[in-house]
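Peer 1: Let me give you the structure first, and then I'll get to my questions.
Please treat every number below as a calculation from the coordinates, not as lab data. Please read all numbers here as calculations on a predicted model, not as lab measurements. Methodologically, a virtual Cβ is constructed for each residue, glycine included, from the backbone with ideal geometry; neighbour enumeration extends over all protein chains shown.
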Amino acid sequence: MLLNVLKASKLSKKGLYTRQEWVRSSLNIVKALESVGVHFVIRNAAIFQKIKFPCVFVSNHMSVLETFVLPCLIQPFGNVTFVVKESLIAYPFFKNVLNTLEPIVVGRANPREDLKTVLNEGQQRLNKNISVIIFPQTTRSVYFDPKKFNSLGVKLAKRAKVPLVPVALKTDAWGVGKKLKDFGKINPLKKVCFSFGSPLYLTGSGRSEHESIKEFIVDKLSSWH
């Protein structure tokens, strides 16, 4: 993983880190995980043939693994970026890579400011035909708590008038580190699972769509556990 990030960082400094290179880096991470025995299960990937880009992907958040893997699943079908926390941008080398991909950076200290940032910058990205991946949880967790899953993704999709795509994932094969939270141990006995739901088109307040996304995630996590 570190070798991939270093290579990507060097290309970024030279202005050569394209979205195609991002997909290649992401796929290399998948291959590296598979090389140590991690097994991937991807459900309903055929949905990408039907999705009208741009859109807002709304997902639970379990580990750093999904930020490495989702690009090679989504980017080949349409440009995409992440809503990321400010601390991730501060990491050496990561900063160079992420800044080339037009992420939406939030501080997580002031929810109101984060809401403004995501709505304003998110709409800017969507207007440029760049889809947005949002993890509405306050923090990464192996356990999904619907009460802590905010409606930020729904609000952005409603404001920009684009589809919502639910994403459920189980990525605890990449553990939490003791010194650095993002770099824990890899447990190849745990499968990595991704499932994509059908696009949701907002017709009202978005409350029912938000509930549908939470139910989708709960249902998938229950079946995987």
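Peer 1: Quick one: 3J(HN,Hα) in Hz for segment 2-8, Karplus 6.51/-1.76/1.60 with θ = phi - 60°, rounded, Gly and Pro as x.
Peer 2: Result, ordered by residue: 5, 4, 5, 5, 4, 5, 5 Hz.
Peer 1: What is the set of long-range amide H partners of residue 183 at a cut-off below 5 Å, with H atoms built 1.01 Å from backbone N?
Peer 2: Hits under the 5 Å cutoff: 177.
Peer 1: Here's another thing I want to ask about it. What whole number of Å gives the distance from the Cα centroid of segment 140-193 to the Cα centroid of segment 1-45?
Peer 2: Their Cα centres are 18 Å away from one another.
Peer 1: Moving to a separate point now. Mind checking which of 206, 153, 122 has the largest fluctuation in a GNM of the chain, springs on alpha carbons under 10 Å?
Peer 2: Comparing 206, 153, 122 in the GNM, the peak value goes to 206.
Peer 1: Would you mind checking the pairs 10/161; 14/178; 85/191 and listing those with alpha carbons more than 31 angstrom apart?
Peer 2: 10/161; 14/178, as the Cα separations exceed 31 Å there.
Peer 1: Taking the Cβ of residue 65 as the center, what net charge do the other residues with Cβ under 14 Å away carry, scoring Lys and Arg +1 and Asp and Glu -1?
Peer 2: Around residue 65, the surrounding residues sum to +3.
Peer 1: A further question on this structure: Can you give the extra length, in nm with one decimal, that the chain gains between residue 191 and residue 3 once fully stretched, where that is 0.36 nm per residue apart less the Cα-Cα distance?
Peer 2: Using 0.36 nm per residue and subtracting the Cα-Cα distance, I get 65.3 nm.
Peer 1: For segment 92-225, what does the alpha-carbon gyration tensor say about shape, rounded, prolate or oblate, given a ≥ b ≥ c as the root eigenvalues, a/c under 1.5 as rounded, and a/b over b/c as prolate?
Peer 2: Here segment 92-225 falls in the oblate category.
Peer 1: Then there is this: At residue 219 and residue 150, where each label point lies 7 Å from the Cα along Cα→Cβ, what is the point-to-point distance in nanometres?
Peer 2: Calculated label separation equals 2.7 nm.
Peer 1: Amide H neighbours of residue 39 under 5 Å, at least 5 residues apart or on other chains, H built in the peptide plane: list them.
Peer 2: Here the answer is 192, since their amide H atoms fall under 5 Å of that of residue 39.
Peer 1: For segment 173-188, take each phi angle, set θ = phi - 60°, evaluate the Karplus expression 6.51 cos²θ - 1.76 cosθ + 1.60, and give the result in whole Hz per residue in order, putting x for glycine and proline.
Peer 2: Running phi through 6.51 cos²θ - 1.76 cosθ + 1.60 with θ = phi - 60° gives 5, 9, x, 8, x, 7, 8, 10, 4, 6, 10, x, 6, 9, 10, x Hz.
Peer 1: Top mean-square fluctuation among 151, 59, 131, Gaussian network model of the chain, C-alpha springs under 10 Å?
Peer 2: Looking only at 151, 59, 131, the biggest GNM fluctuation is shown by 151.
Peer 1: What's the magnitude of the charge dipole for the chain around its Cα centre, counting Lys and Arg as +1 and Asp and Glu as -1 at the beta-carbon? Answer in Debye, nearest 20.
Peer 2: About 340 debye.
Peer 1: Can you give the extra length, in nm with one decimal, that the chain gains between residue 205 and residue 31 once fully stretched, where that is 0.36 nm per residue apart less the Cα-Cα distance?
Peer 2: 58.5 nm
Peer 1: Label residue 142 and residue 91 with points 7 Å out from Cα along Cα→Cβ: what is the distance between them in nm?
Peer 2: In this crude spin-label approximation the distance works out to 2.0 nm.
Peer 1: Return the long-range amide H neighbours of residue 165 (sequence gap of 5 or more, or a different chain), with a cut-off of under 5 Å between placed amide H atoms.
Peer 2: Amide H neighbours of residue 165, under 5 Å, 5+ apart: 56, 57, 58, 200.
Peer 1: Net charge near residue 149: determine it from the other residues with C-beta under 12 Å of the C-beta of residue 149, scoring Lys and Arg +1 and Asp and Glu -1.
Peer 2: Taking every Cβ under 12 Å from that of residue 149, the sum is 0.
Peer 1: Which ³J(HN,Hα) values, rounded to whole Hz and listed in residue order, are derived for segment 37-44 from phi using the Karplus coefficients 6.51, -1.76 and 1.60 in 6.51 cos²θ - 1.76 cosθ + 1.60 with θ = phi - 60°, glycine and proline given as x?
Peer 2: x, 6, 10, 9, 10, 10, 10, 6
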